[in-house]
1. Please compute, for peptide A:54-62, the average count of beta-carbon atoms on other protein chains lying within 10 Å of each residue's beta-carbon.
2. With point charges of +1 on the Cβ of Lys and Arg and -1 on the Cβ of Asp and Glu, referenced to the Cα centre of chain A, which listed residue (A:Val62, A:Ala188, A:Leu306) lies farthest in the positive direction of the dipole?
3. Divide by every residue of chain A the summed helix terms, -39500 (n - 2.57) for each DSSP H run of at least 4, and state the resulting mean residue ellipticity at 222 nm, rounded to the nearest 500 deg cm²/dmol.
4. Need the list of aspartates and glutamates near B:Lys66 for cross-linking: C-alpha distance under 20 angstrom, and skip anything on the same chain fewer than eight residues off.
5. Taking 7 Å along the Cα-to-C-beta vector as the label spot, tell me the B:Lys27-B:Leu41 distance in nanometres, rounded to one decimal.
6. If Lys and Arg each add +1 and Asp and Glu each add -1, what is the summed charge of the other residues whose beta carbon sits under 15 Å from the beta carbon of A:Gly227?
7. How far is helix A:277-315 tilted, in degrees, relative to the longest principal axis of the Cα atoms in chain A, given as a value from 0 to 90 rounded to the nearest 10?
8. Please give the residues of the range A:225-260, grouped as numeric ranges, whose backbone N is less than 20 Å from a label point set 7 Å along the Cα-to-Cβ vector of A:Tyr191.
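None of the figures in this text is laboratory data; all of them are computed from the coordinates on show. Remember, predicted model here, so these are calculated numbers, not experimental data. FYI the Cβ positions are ideal-geometry reconstructions off the backbone, even for glycines, and counts take in every protein chain you see.
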Amino acid sequence: MFEKLEAYLEEISHFISGPEERKEILSEIRSHILEKAEQEFGAVTDVSLDQVITAYGPARRVAEKYLDGRPIIAPALKRFLFRYTALLFAFHFALTVAAVVFVKKSFIFFPILYVPSMGPFEALFYLPTAFLFDFGVVTLVLYLITHGKKEVKLPWPKLSVDLDEAKPSGRTIGRIIGLVVMTTLTGAALYLYARFGTIFLIKLGSGEYRPIFTPDAGQWYSLILIGLWALGTISLALKLVTSSPWIDAVKAGLSLVLLGLVFRQPADTALAGRPSDNFVFWLQLNLTIIVLIICILVAVDFVKALVRIGRRQLAK
Amino acid sequence: MDPETSHFETEMNRGFLHILVLTMLEKDMYGYSMVRTIRDLGYEVEENTLYPLLRRLEKNGWVKSKWDVSEGRPRKFYGITDAGRSLRAELLGIWKKQDEILKYIMEEKSHV
């Protein structure tokens, strides 16, 4: 029993499926390695085995040669993987928004989808999991098609914005103007925040400035808005030097987190002074709707950026 | 050899190795002896390429195998089948045709 040889064969066995085939392949390799060690080094020893095993190649590479290069998903189906995942996630996303808006409403499409009722903050944590689930479901279907014996003709849904034909958004001059505007806006907001502890102010008739929200809420909402503008500024600056889709993905991801934080502050006690119940209800409803609409737009950008990253990796 | 050429060589070797193995196995041989014979002829074949190739040929019925344990260490001997001989004849025919085409074009070029 040669431990090194057995360990090597054990490693190869992890990559080969089918018990009978695996046993046969491992016997072939064992026989060859022992034979070569004896013929070329005079005896089977740990040293000679070590050299023969090194020459035979890394376990994974050896196993790959037995697998006939059969991929998990046929290369021709990879575009379907991204397109179908994008569509399924769009559907999943719409249901999630509905579950947030119509509180206490769950959606079940057994066994594909289960969208529980949830608040906006939970939804932001639910969506990445939903994306991975959708990706997994589509992968499983394409895996079965790849390994099935029947020829399956898959439909090719056209998207209104075809990601393949999407051109890099914005030109350099536009980006520079945008950068100047965003830098000014972020700078002005920082100045107001440093001076008043909030950026949400109204000017009174006497020329005085009064905060709209309570100090805690004002600070919270101000920091979120400044954070969102700062993200926009940084991403515009980076886009001047690189066209990496990671910029959009990271910006959209962080923006979603910041938007989710809006709901951590209870809106009914956020206003300064003594507002009426009706006004508080109106504010809460509008704030939720506006933030959710922004969330949808940002999430669409997020998915687009992820799909572009996936396609870029695929092209590589 | 630059990587591009090496890539083409690998592609060309794939077909050649099929013909070579099917020709060698007119006499029963085991894997290591095949590697040695091929190497002695001045041609290199990666061991971890030969065994999967033999396996594919066997799966398709062009080669048959049996384990021999008479000499202490088990050895798997391979031999060609009738289907393998037919395939070899076809492959050699294709190779000959390709060779003729190349020769014809090269001769034509030299006359221009």
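1. Values: counts 0, 3, 4, 4, 1, 0, 0, 1, 5.
Taking the mean over all residues of the peptide, I get 2.
2. Going by the Cα projections, it comes out as A:Ala188.
3. Numbers: 10 runs with 212 residues, N = 316.
-23500 deg cm²/dmol, from helical runs alone.
4. Within reach: A:Glu20, A:Glu21, A:Glu24, A:Glu28, A:Glu35, B:Glu26, B:Asp28, B:Glu47, B:Glu58, B:Asp82.
5. Roughly 1.2 nm, to one decimal.
6. Net of charged neighbours comes to +2.
7. Between helix and principal axis, roughly 30 degrees.
8. A:225-234
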